[in-house]
Every structure is written in C-alpha cells, then in structure tokens.
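Q: The structure follows.
The values are calculated or read from the model by the stated rules, or taken from the named source; none is laboratory data. The shown structure was predicted, so the numbers you read here are calculated from the model rather than taken from an experiment. In this analysis, Cβ positions are derived from the backbone assuming ideal geometry, glycine residues included, and neighbour counts consider all displayed protein chains. Side chains are part of the model used for accessible areas, which takes the heavy atoms of the whole protein and leaves out ligands, DNA and RNA. Shrake-Rupley method; radii C 1.70, N 1.55, O 1.52, S 1.80 Å.
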There are 2 protein chains.
Amino acid sequence: MCLGDDPTCAAFAEHRLRYRRDMQPERRAFLKSGFVASGGAAALAAGGLSLVSPALAEVGKGARPSVHHHLPATAETVHWGYFSRSLTPQVEIASGDYVTIETLTHHANDDAERMVTGDPGAESVFLWTKERKGVARRGAGPDDAKLGPGGGLGVHICTGPVAIRDAEPGDVLEVRILDVAPRPSANPKFKGSTFGSNAAAWWGYHYGDMLEGKKREVITIYEVDASGDRDWAKAVYSFPWPGVTDPNGILHPTIDYPGLPVDHTKTTRTFDVLKGIRVPIRPHFGTMGLAPAEAERVNSIPPSYTGGNIDNWRIGKGATMYYPVAVPGALFSVGDPHASQGDSELCGTAIECSLTGTFQFILHKKRDLAGTSLEALDFPMIETKDEWVLSGFSYPNYLRDLGPDAQNTIFQKSSLDLAMRDAFRKMRSFLMHAKGLTEDEAISLMSIAVDFGVTQVVDGNWGVHAIVKKALFAERTA
Amino acid sequence: MCLGDDPTCAAFAEHRLRYRRDMQPERRAFLKSGFVASGGAAALAAGGLSLVSPALAEVGKGARPSVHHHLPATAETVHWGYFSRSLTPQVEIASGDYVTIETLTHHANDDAERMVTGDPGAESVFLWTKERKGVARRGAGPDDAKLGPGGGLGVHICTGPVAIRDAEPGDVLEVRILDVAPRPSANPKFKGSTFGSNAAAWWGYHYGDMLEGKKREVITIYEVDASGDRDWAKAVYSFPWPGVTDPNGILHPTIDYPGLPVDHTKTTRTFDVLKGIRVPIRPHFGTMGLAPAEAERVNSIPPSYTGGNIDNWRIGKGATMYYPVAVPGALFSVGDPHASQGDSELCGTAIECSLTGTFQFILHKKRDLAGTSLEALDFPMIETKDEWVLSGFSYPNYLRDLGPDAQNTIFQKSSLDLAMRDAFRKMRSFLMHAKGLTEDEAISLMSIAVDFGVTQVVDGNWGVHAIVKKALFAERTA
C-alpha cells in the first residue's frame, strides 16, 4: 500500500497529495511530538516495555528493516460495529512494524459541526443521505434489520484490520501504544479545539434508576485540550436526546443505531453545565483487539478473550497489550477512542473523542512461548509503565461459553460477581505461571497487594480488572 | 482520666509509671515523629482537611483548650469482636480533642513470640489459660457459645469506645487520622522489628475455588518496616493452620474463634516463601467506627452505615472519616490494624499488624449541617488528601434492611452487584448535594471521572467504593 512514499505506485501523485493534506499541522499535531522529532519509529523500540522479547530481538536483524505504515480512517478503511475473521486486511505488516492509525468516535454526529465538518475522513465515514451511506453496515446484525443494516448490534467505528504476517492461532500479539493524540476539529470555526461527546444512554447503568422525572438520554459535549498544555477537559453544553429521524426516514426515539445525525435545530442546549469542573484527561482506546474465531461477525460491544471493547482507561499511551491470536493474520482493529473515562463507564460512554494512535506490533510465535510469561495466554493482558492489569469478564470467552445465541444471551448475564471471579482466577494464574509463585503464595499476595477494580458495567460482558505493581517483583530473579 | 499527668489523681504514681513505660523508645517511636517534634497536638489542626468546619472553628475558642488523651490497649480498654451502644466509654472527650489510641491485631497469636511476648498490653489481652482469660468475650454471640464466649461472631480487637461529649443521633463525627505507627515487637529477640500476619482463611474469597489439593488455611508471617526507611514488607515464613486446641480444651480445626494461641511445636514452617517480593506498605485501620443503634451487640465483621470493618486501605494517615452518629456519645472504637491490604482483601485478611494511631475528633451538630456537604450524611465517608471516597455496601444498613436475623442473614447476601448499586447511588447523591450538580451532570461526571473499585469480598456485607478527585472541583465556587 502506497502512502505517498512509493514513486513506483500508479497512483503516487494522488497518494502523495493525500499524504501532504493529512500532514497539515492542525490535523497531525501528534506527528510533531517528541516521537518523530527524536528520530521516529526506529527510536521507539528502545523505550519498549516488552514482557518477553525473543520476537523483538529478531526485529531489524533480518534483511528487512521495520516499516512505518499509516492507516487513515475513511469509509474504505473502517468496519463499523463488529469484528470479523473474514475482513480483508487494510494493510499487512511484519512483526516489528509500526502503524499510525486514525480512529473516529462513533459519537461524532452528536455534534457534526464540531466533530465531522471539514474532516474528509470523518465526512466519508458519516456520509448518509437518502441515496448514499458512507458505511452502510453498522453492527453485526442482518442486512435488512429494521433500524438499518447491521441493526446497531455493535456500535464502534473500528479502523483496520491490520494483518500481521505469519500470525497463527496460538501465537500472542504484543501491541505497544507509542503515541496517542487527539484529532482536532477540522471546522475553521473551531480551529485549535478538539471535542468529544458523552452520552448518558439507555444502556447505561443508571438508566433504570433515576431520581428525577422520566427516563431520558442526555448528551454532553466536552472540549478536550489538544495542545498538551492542560490535562483536563471541560463541558461545553448538553442536550436531551431529541429523537432523530434518519435520512432513510426511520425514527430513532433513543440512541438505537450508531452515527445518527443529530439535527441541532431540534435540540435544546444547556450551556450552563458542569461549570468550573475540570475532567482529568486519560486518552485511550475503548475498543482494540483481534478478530475472534468463534463467529463470522461479532458484535463490537461485549469484550472477550481477544480484547475488543475492554473500556479500560489504562489502554493509552505507554501501555502494551498482549492478545491471544485466534485467526490467521491476527486481524487487529482499533476504535472507540476516549479522551477520558472512569472505572465503570457508568452512563454507557466515556468522553468519546477521535484520536490517532501509533502502534508497534510484535508477534510472539507459539513455539517460542514455552516457559515464558505468555505461555497459554488466553485473555487480553495490559502492561503499563508500573503495573500489570488483567481483565476479568463475566464470561471470559462468552462466544464459546454461552452457546449459539451467545451474542444475545451475554446481555442478560451481566454480573460483577462473575467478573470478579474471573479476575481472581486470571491473577492467580499470572502470579503462578508468569511470576513462579505457589498457589498459596499467590493467594496471600493477592490479598495484601493486588487491587481489584470495576472496569465497566455497560458492555454486556461486565469487567473487573486486577492490578499488580511491577515494583513488587523488583528483587525477584525468577 | 489521669494519664500520669495529674498529680491530684489518687493513682498518680501508678499512672505516671505506666506513662513512662509506654514512652519507652522502641514502643513509642511514633511519638518521636514530626508530629510531636513540631509542637504536638496544637500544631495539628492547621494541616486538617475538614470538609465543613463550623465546629472546628469553635475548637479552642472557649475556656478549655484541646486536650490530648492517650488510650492504651489492655484487657480493660478493648472489646473484642463487636460494637455495642451499651459499652462504658474508656474516655470521654470534647470536640477538638486528640486521642492517641493503641490497637492490637487479633492475629497476634498466630506468632505470639513475635507479636505478644514482652508486650504488657498484648499479653493482658491475649492472656488465656485454663483458669484465666484476659478478654473472655470474643464476638457478639452468646456467652455459652460452643466455641467460646461470644462464639467468634466478630473477631476484631477494638480499643474504646471513646465518647464524644454532647454527641447525639443525627450529628456527624469527623475523625482525622493524624498519625499511624507500627507497634514494634517487644521481644528482645526481635528488637527493632515489627511483624504482621496474613491468614488465607475459610472465609476468604478463594477458599471454595482452589486449584491444588484440598481446602486449607495458610498463615504467612510478614516483617514490616518500623523505621520508616522502607515502604515495603517481606514474608518471613508460612505454615498451614495446624488446628488448635484452646486452653479450655476445645479443638479448632479451622480459624473459627479469634486469638487462638498457635502452638509452633505443631506447625510446619516454610521459610522459602515469596522470596524477593516487596509488598508496599499502606498502614491503615480495617475496623473503625461508631456504635450502631439497631442492636445491643453487633458483630464486628460486616461494615455498615456507622463504619466498622470497611477494610479500605485509604483509611490511613492523613485521611479523615465522617460518620453519622447513631447513639448518644457516638462511641468511637478502632481496631483491626493493617500494614497493607489490596482492594478486595481477597484471602480474608490483610497483613494484620498492631498499630497506634493519633486521632482528632470534631463533632458537627445536626443543627449546623443544613446546607453543608454533611447534611443528612447516612454512610461513612472517607476524605484523603486528593480524593473523596464513598463506601458502597451490598446493604447500606443491613441491620435495618435485613430484619431481626440481619446479623446472620447478611453472610448469605454478599454481592458486588448490590454494592456497586449502592456506591453509584451514594456518589450521585454526593455530587448533587455536596457539589451542587444536577442529576444529569452527576451521571455524566461519574462516567468520565469517577473510579469504582472493589473494597472487599470477605466481610459478609461486601464493598464497592467510588472515588472522585478533589482537583475536579478546583475552579468551582459552589
């Protein structure tokens, strides 16, 4: 794939133009960050956090140096609301390669003026007239679903997939998040600003348990600092969901299909909202992972053993993910970018805000894993600078555990009590296999030094994570 | 009460002697800390974190300056395994006063040589021969319980109660934890060292879900740094619970009664345990709170609306608690000291380690609370330097909610899902009433900036806490 850097490509001129347009300073501030200034991709490997790196050690040793790819978000490069083992890769890379990937929030149309207008990538994805729809399928449901193709059974705009050469089921894919940057508004009216949307929606934890008045969905638009000068966001205005009639004439009284274009001539905006409140920014990717093997098309909402919609704010810059590969090529996709989220994602969404990430991919072959910390890894593991974070779910692999109707059943089975059980078992296993403790040692240590938290209570397959600090093992040789 | 500082007291000589013994350097290291060096109690008020302080403003204004009391832990000053509205106060204080309170871990007899021997206070509490028992009642059960008086229905050695003059139901008691220090071993053999015990017990979350062999209880003894030079603890040795026949001839095959004297001629110790692992120290009080109104004697294990066994490691030095007063005098007690605990206290205990705390008590009268953040507070609230931490429980007031058999029923009703619901409601209420947000603002903010965590899954009334950073409100005037 030519990114405007291959003069032998037939479409080089067009690609070069797109590349240069993409590089306009407001849109690509992240490329000006220390990451590129310090020498670019080649400099990144040194700062890595890899758990076990026989694979990394090989990177760059062969005839082929690591390559830095770029994957923009357009109607052609995203799949909306689902993972699938059958998607055609947008790019195929080798282990050790870097990919800068644009991601778009599926809530951008809550305020298209701020988050879509003037942004060619977002405009192509959100395009929806009576005659044309940039991305027709939204969700894993049927093509002829009442609400629209895909039925909204899955909501996240995912960019990808990225195929990793030679990846096979049983391998582990390490994904390092080297940089994360907000995507500033492309509308000259809001030059220099970045926005996000928080939807307190019908799938939120609070929805059946409100104090005042009737059930309602409320959108709050936030301004997120894109300069790096401030580490907090602020609310701009809010409005109750007005009901939206989509371009095909279907009425959506609630947020039951993603990307609905809100008509702000019909909203009532409150600008006096959350005055004086500073929301700490924690930019991260809510949904990121590999294609599962169990079904042809998988709803993007419930997280599972290959990752997906984990919704843990620790999956941000500097973090590394480890995923079990379930299908040939691994098929990595990323979306659901968040500027900020609390543990629980209580109302159903975060500050949903388009972000661009730079990732490095390291493939660990199954044959090299025996005796390492990654042997038999069967869940998505998070590594941050200081911590290991393990993701427990109500059902660790709901597609396998809940039978043929798993994608519906999971939404009736949400439970923190089940997720806690899973997080306990995963942490025990990690301490025993990755850290060499006996079961009794692991249990004592978990009680006195491991913190369990509520990841999310809104994604069907609810999450509890277990955190252990790396410093505990500083003296340990095993 | 004369603390060896009132020459008019009839027992002045004896009290003075005790005071001087208590001041021996190894035992009272905390009194040499910056706290006293910098001018003592009077200097403490300035560093306070009070939420609303009309009450504090009054402190010291009257004829009577604040007084610093001292409450040692002895067989006479502790109650073991229960709270009660009917206990005779050990000391009555005025709002604004300070009390230094010794607390003893109920697990000290897991290794009496390290944690009891040579320590007159601990020896008096743990004394148990066929003829004499320093503290006969252990728990809220009947006097003639099979396992021993009190039946072990409640396990924590609580020092107190402290009565606060003029405290009445409807008031709020603010308790500031000004200093926390470990209690070094009094056995010359272990001079300069402090120890704690972690019991992976039958009430632990893991107990019915073990991988290897049969169900077992395992004790691990930890050494805790008492010098302040290190912020971590290390395991010393472990042993499977050997079964203990108590001095009255009753066999305890499991840890079913607190304070059982372990006979180490019958244990098998493993010294090769958790080698090279450093456990971060988080000294705090697992059990701390006021007497509830609902029952004559209340098992110390399930936490409730007046606090008690919250088991949140954030209740340490620098933290402030706010409790609703339920009975005249408030009747504050503290025990269950922990050197370290993770969120969940998974195996049933922390590093249980005797500590001494210095507290200041501020009484907020009901009549002064209208319009303040503390109005109608009906749960124990934690304030740390940077955060507000609200404690959700499976049942916010189980004594009221679960009927006459509540103290048994609660152990069949443990649920994180229920505790999450309670934590959500409490945080919503806090944001609306203490911070002046609308319900919709509160819900949006909770989703993007409040972290929910698992406090404990071992105390019957399971806990989920909600944390909001104070910095969010830095600009807010309301």
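Q: If ligands, DNA and RNA are left out, what is the accessible area of A:LEU418 with a 1.4 Å probe, given in Å² to the nearest 10?
A: 70
Q: Would you mind checking A:LYS214/B:LYS385; A:LYS426/B:LYS215; A:LYS191/A:LYS385 for any pair whose Cα atoms are more than 27 angstrom apart?
A: In this structure, A:LYS214/B:LYS385; A:LYS191/A:LYS385 exceed 27 Å between Cα atoms.
Q: Okay, moving on. Under a 1.4 angstrom probe, counting protein chains only, how are B:MET210, A:MET288 ranked by accessible area, largest first?
A: Reading off the accessible areas and sorting them downward yields B:MET210, A:MET288.
Q: Okay, moving on. Compute the relative contact order of chain B as a whole-number percentage, counting only Cα pairs closer than 8 Å that sit 6 or more residues apart in sequence.
A: Once divided by the residue count of chain B, the mean separation gives 18 percent.
Q: Could you work out the helix-only [θ] at 222 nm for chain A, with each DSSP H run of four or more residues adding -39,500 (n - 2.57) and the total divided by the number of residues, to the nearest 500 deg cm²/dmol?
A: -3500 deg cm²/dmol
Q: Related question: With every protein chain present, what is the per residue accessible area of the protein assembly as shown (1.4 Å probe, Å²)?
A: With all protein chains present, the protein assembly as shown gives 36 Å² per residue.
Q: Provide the net charge surrounding B:GLY213, with neighbours chosen by a C-beta distance below 11 Å and charges set as Lys +1, Arg +1, Asp -1, Glu -1.
A: Counting the neighbours of B:GLY213, the net charge comes to 0.
Q: Given +1 on the Cβ of Lys and Arg, -1 on the Cβ of Asp and Glu, and no further charges, what dipole in debye does the protein assembly as shown carry about its Cα centre, rounded to the nearest 20?
A: For this selection, approximately 1120 debye.
Q: So if R0 is 60 Å, what FRET efficiency would B:GLU113 and A:ASP378 give, r being the distance between their Cβ atoms, rounded to the nearest 0.05?
A: Computed FRET efficiency for B:GLU113 and A:ASP378 comes out at 0.85.
Q: Sticking with this structure for a sec: Compute the signed sum of charges (Lys and Arg +1, Asp and Glu -1) over the other residues within less than 11 Å, Cβ to Cβ, of A:ILE250.
A: Overall, the nearby charge balance is -1.
Q: Hey, which lysines would be in cross-link range of B:LYS146, C-alpha to C-alpha under 23 Å, not counting anything within fewer than 8 residues on its own chain?
A: Correct list for B:LYS146: B:LYS130, B:LYS133.
Q: Now for a different question. Each label point is 7 Å from the Cα along the Cα-to-Cβ direction; what then is the distance between the points at B:PHE411 and A:HIS252, in nm?
A: So the two model labels end up 5.2 nm from each other.
Q: Suppose a student asked you for the relative contact order of segment A:234-354, using Cα pairs under 8 Å spaced at least 6 residues apart; what percent would you report?
A: 23
Q: Then there is this: For the B and A pair, go ahead and give the buried accessible area with a 1.4 Å probe, both sides summed, in Å² to 100.
A: Roughly 5800 Å² of accessible surface disappears when B and A pair.
Q: Something else about it: Filter the DSSP H helices in chain A by two things, a Kyte-Doolittle mean of at least 0.5 and an axial alpha-carbon span of 20 angstrom or more, and list the hits by number.
A: none
Q: What nm distance separates the two modelled labels at B:ASP231 and A:LYS215, each placed 7 Å from Cα along Cα→Cβ?
A: 4.7
Q: How high is the relative contact order of segment B:88-221, in percent, counting Cα pairs under 8 Å that sit 6 or more residues apart?
A: 27
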